[in-house]
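This report concerns only the one structure given below.
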Amino acid sequence: MRSPDLARDYIRRASIRLEVLDLLFRAESWADVVRESQEVVELALKALLRSHGIDPPGLHDVSEVLLAERTRFPEPLQEELPALAEISRQFRRDLELAFYGAEDLTPSGFYSEADAREAREWARRVVRAVSPHVGP
């Protein structure tokens, strides 16, 4: 699959997952909202990178690449990149915790409605910001 095709596939899948976030939120599955929000953000940001000829690294957090390559993106989006990079960075710390937990922590007991609400809004913000810049 060519990179533009992958970019379109990534952003389509990220957009579909946004709808799943609402279902998880209604079910009060806060940890799952956080985890799935991270995946939405990762897919959307990797779609953005691919659509601008940048092969994304095999990492979940692409914040450093976004900032290093900022001049390759349209000017209006460049202003948004520091915030998008920070969202990616913040989700990196939650990636495994929201899914697996830890010896002394269960994901369902750790994450709150406020955490889920913030994560869902971050995911929406990223998809909204990058969608217009990912191929036709």
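Readers should treat all values here as calculations from the given coordinates under stated rules, not as data from a laboratory. Keep in mind that this is a model prediction, so the values were computed, not measured. Glycine also receives a Cβ, built like all others from the backbone with ideal geometry; neighbour counts cover every protein chain displayed.
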Just add up the charged neighbours of Ile16: K/R +1, D/E -1, any other residue whose Cβ is under 12 Å from the Cβ of Ile16. -2
What is the fewest-to-most order of Phe110, Phe73 by other Cβ atoms lying within 10 Å of their Cβ? Phe110, Phe73
Work out the length of the dipole vector of the range 3-133 about its Cα centre, built from +1 on the beta-carbon of each Lys and Arg and -1 on the beta-carbon of each Asp and Glu, and round it to the nearest 20 debye. 480
